[in-house]
Amino acid sequence: MMPNMSHGLLNWGSSVQLLIVKTTLVDYEAAQEVLQAPTITMMITAMSPRRVQYKEEGERRWKWLEGRSTTKVEADTQLQDPDGVQYRIRAVTDWGQAGFYVYEMTEMPAVIP
């Protein structure tokens, strides 16, 4: 049994509230909309260079980030911060027994104002 560590994330760094962005195909063009879902509070940090080094050759140049949150988000989900910067969840590490989840994310260009 793992101890619940979710309360430790509350005071560890500053959190960002993120919105979920849904992309749909309309008339053969991608249309994005921000879902009216509850916002997700996540602490975002830069991924260590050692972990980025193990990524595939073409992916190493991407801006890789790690996010930690008590809310579970599925892989390949797009998130948007209050400044309009979008992130795509690439991988999820389930630390649910400890009360949080770790996300590997890449930063994407802002699309929605």
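So which residues in the range 18-39 are open to solvent by 100 Å² or more (accessible area, probe 1.4 Å) and either modelled with pLDDT of 75 or more or outside any strand (DSSP E or B) (or both)?
Across the range 18-39, the qualifying residues are D27, Y28, Q36, P38.
For G13, are the conditions met, namely being in contact with a strand residue (DSSP E or B) (Cβ under 8 Å, 6 or more places away or on another chain), open to solvent by less than 60 Å² (accessible area, probe 1.4 Å) and at pLDDT below 80?
Answer is yes for this residue.
Suppose we keep only residues that are open to solvent by 20 Å² or more (accessible area, probe 1.4 Å) and either touching a residue at least 40 places away in the same chain (Cβ under 8 Å) or of a type outside the set (D, E, K, R) (or both) within the range 88-101. Which one would you say is farthest from M42 (Cα to Cα)?
Here the residue is Q97.
Within the range 40-59, restricting attention to residues that are in a loop (DSSP other than H, G, I, E, B) and surrounded by fewer than 14 Cβ atoms within 10 Å (Cβ to Cβ), which residue is modelled with the highest pLDDT?
It comes out as S48.
Just checking, how many residues over the range 66-82 are crowded, with 17+ Cβ neighbours inside 10 Å and free of Cβ contacts under 8 Å to residues at least 60 places away in the same chain?
Looking only at that region, the number is 6.
How many residues, within the range 48-82, are acidic (D, E) and closer than 19 Å to T23 by Cα?
3
The values are calculated or read from the model by the stated rules, or taken from the named source; none is laboratory data. Just so you know, these numbers come straight off a predicted model, no measurement behind them. Virtual Cβ from ideal backbone geometry, glycine too; neighbours counted across all protein chains shown. Just so you know, the surface numbers come from the protein's heavy atoms only, side chains and all, with ligands and any DNA or RNA stripped out. Shrake-Rupley method; radii C 1.70, N 1.55, O 1.52, S 1.80 Å.
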